[in-house]
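*Asks:* The structure follows.
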Amino acid sequence: MTSSPLDELDSKVSELLVAIAALDSLDALREAEPGIIGKRSILSTLQKSLGALVSEDRSEAGARLQRARHEVEQTFEARRALLARDARRQGLEKDRLELGDVVVDNVRWAPTTGHPGIIAVTQGQLEDVFVAMGFSVSEGPEVESDWYNFEALNIPPAHPARGMWDTFYVDLGDPETVVLRTHTSPTQIHLMEDAVRAESLPLHAVMPGRCYRRDSPDSRHLATFHQIEGLVVDRGIGFADLAGVIETFTRSYFGPDTSSRLRPAFFPFTEPSAEFEITCTICKGSGCRTCSQTGWIELGGCGVLDPAVLHAVGIDAEEWSGFAFGFGIDRCAQMRHQISDMRALTENDVRFLERFS
Ligand code: DAH
């Protein structure tokens, strides 16, 4: 019998399998990889030596070698998976936090249970009020293209109204084309587009979410804040419907002692537009630092949908009309709980947080 380069294949494979089983860490495995399954491995050397065989022997030997290689590679990968799982377990064990009682200077501190933050609670309550009035709840992305945040809302590039929103730009695509949304209004556009595509008008929805502006925080503003947007698109909708919704909302959320008023304003996406204010709950309308001595606090803006916005999303403004509103969830929390300075919402002072547990 002539000798073949594969005579010792079985014993070589057994040696490799033993070597794999002996690898006891991912580092050891990485180090051994070229010698076991890489170019420097015995199997690769054998592969090269097959060239010397006559052709019928070569194909049979090739198939045998292929099977051997498959077995070694599978065993190697199984070992890698096992070691990776062990490494992950060890990592988790190492990072484990001791959440039981902690004793410091002989004083035992029992862990306290957390609770949802005041903004999350307020958002839930606002959603409940609107759901009870027949609105559905939707959410949209926090990073938007210029088109959704501005253009589709009838605010063309370089329009002076852009000055109303101090925008953070995201370094993506062409300069100043991707923004952290400055309001929840772009979610209106997403919703109307979806409804057009699904042919599912009319629409009655509220859209809560986080927004961002390059604002300096003060007693009534945060650079990262929350709004809830409202949108109705239906037949024969006008300003009186909007006023009715705002009034019903104010009474249900703030109670019968709080008055609201609408003041003429300008927003490019609504015509007519209004600002929506309620009596300052901190001074009960007599004037204080929080309301800049006016007795009123602005919650947000609203108005009848400008036909240009309906056109932008392909809705026939002859057939459909609607209204929209958008106001601050943080402001609602501030007014409902008489928080004189909104910055308290982000300071994580436990004494403040515990007021809302
Ligand atoms: N998006 C506006 C803002 O943040 C508020 C607003 C005004 C929303 C009028 C509306 C609206 O939906 O119709 O300043």
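*Asks:* Being of a type outside the set (S, T, N, Q), more than 10 Å from the ligand (Cβ to nearest atom) and in contact (Cβ under 8 Å) with a residue 60 or more places away in the chain is the filter here, so list the residues in segment 313-322 that pass it.
*Replies:* 313, 314, 315, 319, 320
*Asks:* Does residue 310 count as more than 10 Å from the ligand (Cβ to nearest atom) and surrounded by 19 or more Cβ atoms within 10 Å (Cβ to Cβ)?
*Replies:* The answer is yes for residue 310.
*Asks:* Right, here's the next one. What's the total number of residues in segment 323-346 that are within 17 Å of residue 215 (Cα to Cα) and without any contact (Cβ under 8 Å) to a residue 60 or more places away in the chain?
*Replies:* Count: 1.
*Asks:* Another question about this same structure. Conditions: (1) under 21 Å from residue 301 (Cα atoms); (2) not in a strand (DSSP E or B). Residue 144 meets all but one. Number of the miss?
*Replies:* (2)
*Asks:* Going by the structure shown, is residue 86 among the acidic types (Asp, Glu), outside any helix (DSSP H, G or I) and either in contact (Cβ under 8 Å) with a residue 60 or more places away in the chain or farther than 30 Å from residue 354 by Cβ (or both)?
*Replies:* no
*Asks:* Return the only residue of 249, 267 being hydrophobic (A, V, I, L, M, F, W, C) and touching a helix residue (DSSP H, G or I) at 6+ places or on another chain (Cβ under 7 Å).
*Replies:* 249
*Asks:* To continue, here is another question. Return only the number of the condition from (1) surrounded by 12 or more Cβ atoms within 10 Å (Cβ to Cβ); (2) over 30 Å from residue 332 (Cα atoms) that residue 122 does not satisfy.
*Replies:* (2)
*Asks:* Quick check, is residue 260 more than 27 Å from residue 160 (Cβ to Cβ), within 16 Å of the ligand (Cβ to nearest atom), of a type in the set (Gly, Ala, Ser) and touching an Asp or Glu at 6+ places or on another chain (Cβ under 9 Å)?
*Replies:* For residue 260, the condition - more than 27 Å from residue 160 (Cβ to Cβ), within 16 Å of the ligand (Cβ to nearest atom), of a type in the set (Gly, Ala, Ser) and touching an Asp or Glu at 6+ places or on another chain (Cβ under 9 Å) - is met.
*Asks:* When you scan segment 223-261, how many residues do you find that are surrounded by 19 or more Cβ atoms within 10 Å (Cβ to Cβ) and either of a type in the set (A, V, I, L, M, F, W, C) or closer than 23 Å to residue 168 by Cβ (or both)?
*Replies:* Summing the residues that are surrounded by 19 or more Cβ atoms within 10 Å (Cβ to Cβ) and either of a type in the set (A, V, I, L, M, F, W, C) or closer than 23 Å to residue 168 by Cβ (or both) in segment 223-261 gives 12.
*Asks:* To continue, here is another question. Just checking, which of 206, 196, 232, 245 is among the hydrophobic types (A, V, I, L, M, F, W, C), out of contact with any strand residue (DSSP E or B) (no Cβ under 9 Å at 6 or more places or on another chain) and not in a loop (DSSP other than H, G, I, E, B)?
*Replies:* 196
*Asks:* I've got another one for you. I'd like to verify a number: residues in segment 209-229 that are in contact with a Ser or Thr (Cβ under 9 Å, 6 or more places away or on another chain) and assigned to a loop (DSSP other than H, G, I, E, B), how many? Talk me through it step by step, then tell me what you get.
*Replies:* Taking segment 209-229 and keeping what is in contact with a Ser or Thr (Cβ under 9 Å, 6 or more places away or on another chain), we get 209-214, 217, 219-220, 222-224, 226-229.
Next, from what is left, pick out any that are assigned to a loop (DSSP other than H, G, I, E, B): 213-214, 217, 219-220, 222-223.
Residues meeting the conditions: 7.
*Asks:* Restricting attention to segment 285-314, which residues are assigned to a helix (DSSP H, G or I) and not hydrophobic (A, V, I, L, M, F, W, C)?
*Replies:* Within segment 285-314, 307, 311 qualify.
*Asks:* Still on this structure, I have one more. Here are the criteria: (1) more than 12 Å from the ligand (Cβ to nearest atom); (2) under 30 Å from residue 319 (Cβ atoms); (3) among the aliphatic types (A, V, I, L, M); (4) touching a residue at least 12 places away in the same chain (Cβ under 8 Å). Tell me which single one residue 232 does not satisfy.
*Replies:* In the conditions (1) more than 12 Å from the ligand (Cβ to nearest atom); (2) under 30 Å from residue 319 (Cβ atoms); (3) among the aliphatic types (A, V, I, L, M); (4) touching a residue at least 12 places away in the same chain (Cβ under 8 Å), residue 232 misses (1) alone.
*Asks:* Here is a follow-up. Of everything in segment 295-307, what is away from the ligand (no atom under 13 Å from the Cβ) and among the small types (Gly, Ala, Ser)? Give them in sequence order. Break it down into steps so the answer makes sense when it comes.
*Replies:* Filtering segment 295-307 for residues away from the ligand (no atom under 13 Å from the Cβ) gives 295-297, 307.
Answer for segment 295-307, where residues must be away from the ligand (no atom under 13 Å from the Cβ) and among the small types (Gly, Ala, Ser): just 295.
*Asks:* Next question, about the same structure. Taking the criterion of being under 19 Å from residue 192 (Cβ atoms), surrounded by fewer than 18 Cβ atoms within 10 Å (Cβ to Cβ) and either touching a Pro at 6+ places or on another chain (Cβ under 8 Å) or at pLDDT 95 or above (or both), would at least one residue in segment 281-296 satisfy it? Give the steps one after another, and end with the answer.
*Replies:* Just the residues of segment 281-296 that are under 19 Å from residue 192 (Cβ atoms), to begin with: none.
No, because not a single residue in segment 281-296 is under 19 Å from residue 192 (Cβ atoms), surrounded by fewer than 18 Cβ atoms within 10 Å (Cβ to Cβ) and either touching a Pro at 6+ places or on another chain (Cβ under 8 Å) or at pLDDT 95 or above (or both).
*Asks:* Is one or more of the residues making up segment 3-25 charged (D, E, K, R), modelled with pLDDT of 90 or more and under 43 Å from the mean Cα position of the chain (by Cα)?
*Replies:* yes
*Asks:* Follow-up question, since we're still on this one. Please pick out the residue among 317, 333 that is at pLDDT 95 or above, assigned to a loop (DSSP other than H, G, I, E, B) and touching a helix residue (DSSP H, G or I) at 6+ places or on another chain (Cβ under 9 Å).
*Replies:* 317
*Asks:* Closer than 27 Å to residue 142 by Cβ, within 13 Å of the ligand (Cβ to nearest atom), in the same structural domain as residue 152 (by TED's automatic domain parsing) and in contact with a Phe, Trp or Tyr (Cβ under 7 Å, 6 or more places away or on another chain): does that describe residue 206? Can you show your working first?
*Replies:* Numbers: closer than 27 Å to residue 142 by Cβ: yes; within 13 Å of the ligand (Cβ to nearest atom): yes; in the same structural domain as residue 152 (by TED's automatic domain parsing): yes; in contact with a Phe, Trp or Tyr (Cβ under 7 Å, 6 or more places away or on another chain): yes.
Yes, satisfied.
The values are calculated or read from the model by the stated rules, or taken from the named source; none is laboratory data. For clarity, every value in this text was computed on a predicted model and none was experimentally measured. In this analysis, Cβ positions are derived from the backbone assuming ideal geometry, glycine residues included, and neighbour counts consider all displayed protein chains.
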